[in-house]
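Here's the structure, in structure tokens; my notes come after.
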Amino acid sequence: MPSPKSDVSARDVRLKDAVARAKQSEFYKKHLAEHDLVTTADLERLPLTFKRHLADASPYGMLIVPPERVWHYHETSGTTGEPIATWCGLPEVQQMGAVVCDMVPELAEPTTLLNRFPLFAPVSFVFEEAMRKANGCHIAAGNLSWDVPFSRALDFIRRLKVNAFSGLPLEPILLRELASVEGLDLKRDLGTLRVLFLGGAILPPAMRRVIESDWGARIVEIYGSNETLLMGVGCPAGALHLCEDLLEFEVLDPQTHARVAPGDAGVMTITSLVHTAMPLVRYFTGDLVRVFAQPCSCGRPGRTAQVLGRYDDVIRQGDASISHYDLLDAAYDFIEAIGARVFFIVVLKVGLRLLVELKDPPSSRLAAPEQVLQRRVGLPIHVEYLGENEVMDRSALFRGPTIYKPGQISDWRGEGRKTITIMEALLEWPRFPLATVAHVLRRQVKNAFRRRRFRKEDRQP
């Protein structure tokens, strides 16, 4: 039975209105037909919404307004199944941009932001709105755009004196390696950066520390998804604050779906409060998180969170398990201890392989740091030390094709390119000297033998 009306608060009214709004969609009209909400306490009685529901309802089943009245349409990549439609209204994106602007003091100063989130990711437009709110300059340069490859993005930072950056956590690491190849010093030649907005993947403390140390800039963690948009923003104290004015948050046990105690790991589940196009009710995101109720040292009220990765991605072997968050944190601590920066992890049935790149690989094991790593991980992990460019091929960062305007005419009378097909006119792939080709072939052969060895090890009882 619903809670008594006398207990209704302002928060309850907002949540009740949000659920009623969601019921205007074709999906929730059926999904919530037998359910009503008066107070927040009633929320746990409502059925959960899973990703499969969104996939089945795509593209129009979750909409509460005609599609032509929606500001933006996006889809998930579909790499793990059918693409999921995401419809975004302008009001919620504006509110989310205002939250980012309010929580980041660096944006009070004149700001030029290099936005490396792809334009087909809704969060890209949250940052556009944040810069509009801050009266700053927004450079839309998504990392999936062939027109702005890594080398050009690095040049933007240097030449345009960029002081804010947004993108995936791995991108500053790739740009650091590219800068090294080009002979650029991060702090001398690219030292205008003062804040890095990183999201879309886990960001454990050791990884954050390495990136901040290398770039001399503060990291602001961003938490969100295509379906929900912005869910959390990092504060100057390094904590991730949940956007509780935008969403109602629950943390549920992955198996029983009961609420977990504060600080315990569970799956983030959200209900929209402000979404005007595609509201969600009790959406079980699949993100494994810890949420903390104690006050943050920055003084900002509300709960904070740690995002540990996808629940389905937890590595389990026997009775032991580790999240991607804790594994990456241990790996970054390890490489920092041995003076490395580049690594890659392979998960096998027989254990983990940590491939570490060093300028001068040691001839024997680094026993003490490896023992610390083993204790941290709690699963069998073997470290292999490889030479430069064996884990990260820096030359690949330069290999983007040159893009031309689409056309169907090629004038051969001058010294320009003499093309004979549309695709040839549109794209010009790079050509490599023989030494580069030989280097790539050698590495591919080494990788083929290493891959075959891993498969053989994984077949052993």
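Per the listing LEU160, LEU113, LEU170, LEU154, the residue uniquely surrounded by fewer than 16 Cβ atoms within 10 Å (Cβ to Cβ), within 19 Å of ILE211 (Cα to Cα) and in contact (Cβ under 8 Å) with a residue 24 or more places away in the chain is LEU170.
The residues of the range 140-150 include none that are part of a strand (DSSP E or B) and surrounded by 20 or more Cβ atoms within 10 Å (Cβ to Cβ).
Under the condition of being within 17 Å of the chain's Cα centre (by Cα) and either modelled with pLDDT under 95 or of a type in the set (Val, Ile, Thr) (or both), the residues counted in the range 87-116 number 1.
Exactly one residue among ALA331, ALA337 is assigned to a helix (DSSP H, G or I) and without any contact (Cβ under 8 Å) to a residue 40 or more places away in the chain, and that residue is ALA337. The sole residue among LEU379, LEU373, LEU352, LEU358 that is more than 30 Å from PHE150 (Cβ to Cβ), crowded, with 16+ Cβ neighbours inside 10 Å and not hydroxyl-bearing (Ser, Thr, Tyr) is LEU379. Residues that are in a helix (DSSP H, G or I) and surrounded by fewer than 16 Cβ atoms within 10 Å (Cβ to Cβ) within the range 38-54 comprise ALA41, GLU44, ARG45, ARG52, listed in sequence order.
On the given criteria, is TYR325 touching a residue at least 24 places away in the same chain (Cβ under 8 Å), of a type outside the set (D, E, K, R), under 30 Å from LEU386 (Cα atoms) and surrounded by 19 or more Cβ atoms within 10 Å (Cβ to Cβ)? It is true that TYR325 is touching a residue at least 24 places away in the same chain (Cβ under 8 Å), of a type outside the set (D, E, K, R), under 30 Å from LEU386 (Cα atoms) and surrounded by 19 or more Cβ atoms within 10 Å (Cβ to Cβ). Of everything listed in (1) under 22 Å from ASP245 (Cβ atoms); (2) within 17 Å of the chain's Cα centre (by Cα); (3) of a type in the set (A, V, I, L, M, F, W, C); (4) surrounded by fewer than 16 Cβ atoms within 10 Å (Cβ to Cβ), the single unmet condition for VAL126 is (4). Restricting attention to the range 420-431, the residues being surrounded by 13 or more Cβ atoms within 10 Å (Cβ to Cβ) and either touching a helix residue (DSSP H, G or I) at 6+ places or on another chain (Cβ under 8 Å) or free of Cβ contacts under 8 Å to residues at least 24 places away in the same chain (or both) number 3. On inspection, VAL251 does not qualify as in contact with a helix residue (DSSP H, G or I) (Cβ under 8 Å, 6 or more places away or on another chain), among the aliphatic types (A, V, I, L, M) and within 30 Å of LYS23 (Cβ to Cβ). Among all positions in the range 420-428, there is at least one residue which is in a loop (DSSP other than H, G, I, E, B), outside the structural domain of ILE335 (by TED's automatic domain parsing) and not aromatic (Phe, Trp, Tyr). Hey, does the range 177-198 have a residue that's touching a residue at least 40 places away in the same chain (Cβ under 8 Å), on the phi > 0 side of the Ramachandran plot and assigned by TED's automatic domain parsing to the domain that holds ILE157? No: zero hits.
Within the set VAL383, VAL350, the sole residue that is within 28 Å of ASP313 (Cα to Cα), in contact with an Asp or Glu (Cβ under 6 Å, 6 or more places away or on another chain) and modelled with pLDDT under 95 turns out to be VAL350.
Return the residue satisfying two criteria in turn: it lies in the range 313-322 and is surrounded by 16 or more Cβ atoms within 10 Å (Cβ to Cβ) and assigned to a strand (DSSP E or B), and of such residues it is farthest from the chain's Cα centre (by Cα). The qualifying residue farthest from the chain's Cα centre (by Cα) is GLN317.
The values are calculated or read from the model by the stated rules, or taken from the named source; none is laboratory data. All values reported here derive from a predicted model rather than from experimental measurement. Neighbour counts run over all protein chains shown; Cβ positions are idealised from the backbone, glycine included.
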